[in-house]
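Notes follow once the structure below has been shown.
Laboratory data are not the source of any read-out in this text; all were calculated from the coordinates shown. Predicted model, so just to flag it, every value in this text is computed and none were measured. When we count neighbours, we look across all protein chains shown, and the Cβ atoms used for this are built from the backbone with ideal geometry, even at glycine.
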Amino acid sequence: MTVTDLKNGKLNFVQSNILELPISAPYDAALCIGVLHYLKSDLEVKQFIQYLKKLLKKSSLLYLSWISDKINYYTDKFLPPTSSVNEIIQNEFNRIFQEEVIIEHQHGNHPLHKHQIEYLILKIL
């Protein structure tokens with residue numbers, strides 16, 4: 001879901017594949033919560049972050065959070081390594097905030113399990 005417009009106190013939301021979102025005007029910020037772990041490879045993560053950078057104005061903020069590979073409950077699924085994300089952003093963004101949190105929860109038919117969630121707030125250079 002993407003907020004594309006704010007006029008008269010009303011938000012316009014668009015549901016779209018982020019890589020297909022038209023770049024009509026640069027955005028002030030992007031919040032990508034729980035997106036990276038749905039991608040299929042380091043290459044897709046890199047393409048996604050590069051595309052986000054094109055969507056944002058210079059000095060804009062980018063917030064990312066994702067399930068990392070440090071506690072890999074989903075053995076059949078790609079989980080972006082923190083080291084890969086750090087490599088992708090190192091020359092393109094200024095890191096404002098970074099935190100790693102371990103959560104334990106149960107959902108669906110899954111037993112109680114843990115994930116390590118990565119949180120990053122970045123500023124475009």
Completion exercise
In the structure shown, of LYS58/LYS114; LYS10/LYS40; LYS10/LYS77; LYS10/LYS57, the pairs separated by more than 29 angstrom at the C-alpha atoms are LYS58/LYS114; LYS10/LYS40; LYS10/LYS77
Fill in the blank from the handout: PHE78 neighbourhood, Cβ < 12 Å, K/R = +1, D/E = -1, net charge -2
Handout entry: Cross-link partners of LYS54 among aspartates and glutamates (Cα-Cα below 16 Å; sequence separation of 8 or more within a chain)
Key = GLU20, ASP28, GLU44, GLU92
Fill in the blank from the handout: Computed about the Cα centre, the charge dipole of the stretch 23-124 from +1 Lys/Arg and -1 Asp/Glu charges at the Cβ has a magnitude in debye, to the nearest 20, of 380 debye
Fill in the blank from the handout: Mean Cβ-within-10 Å packing, highest first, puts peptides 59-70, 101-112, 26-37 in the order 59-70, 26-37, 101-112
Exercise for the section: Would you mind telling me the antiparallel percentage of the DSSP bridges in the stretch 23-124, rounded to 5? Expected result: 75 percent
Practice task
Note down the relative contact order for the chain as a percent, whole number, built from C-alpha pairs under 8 angstrom at least six residues apart.
Solution key: 25 percent
Fill in the blank from the handout: Among (1) 2, 10, 19, 22, 18, 14, 9, 5, 1, 0; (2) 2, 11, 25, 28, 22, 10, 1, 0; (3) 2, 11, 23, 25, 21, 13, 4, 1, 0, the entry matching P(r) over Cα pairs in 5 Å bins from 0, in percent as calculated here is (1)
Fill in the blank from the handout: Within the under-12-Å Cβ sphere about HIS115, not counting HIS115, Lys/Arg +1 and Asp/Glu -1 give a net charge of -1
Problem - Charge dipole (the chain, unit charges on Cβ, about Cα centre) - positive-most of HIS110, THR82, TYR27 - result: TYR27
Completion exercise
So the angle from the long Cα axis of helix 42-55 to the longest Cα principal axis of the chain, reported in degrees to the nearest 10, equals 20 degrees
Problem - Net charge of neighbours whose Cβ lies under 12 Å from the Cβ of TYR38, counting Lys and Arg as +1 and Asp and Glu as -1 - result: +1
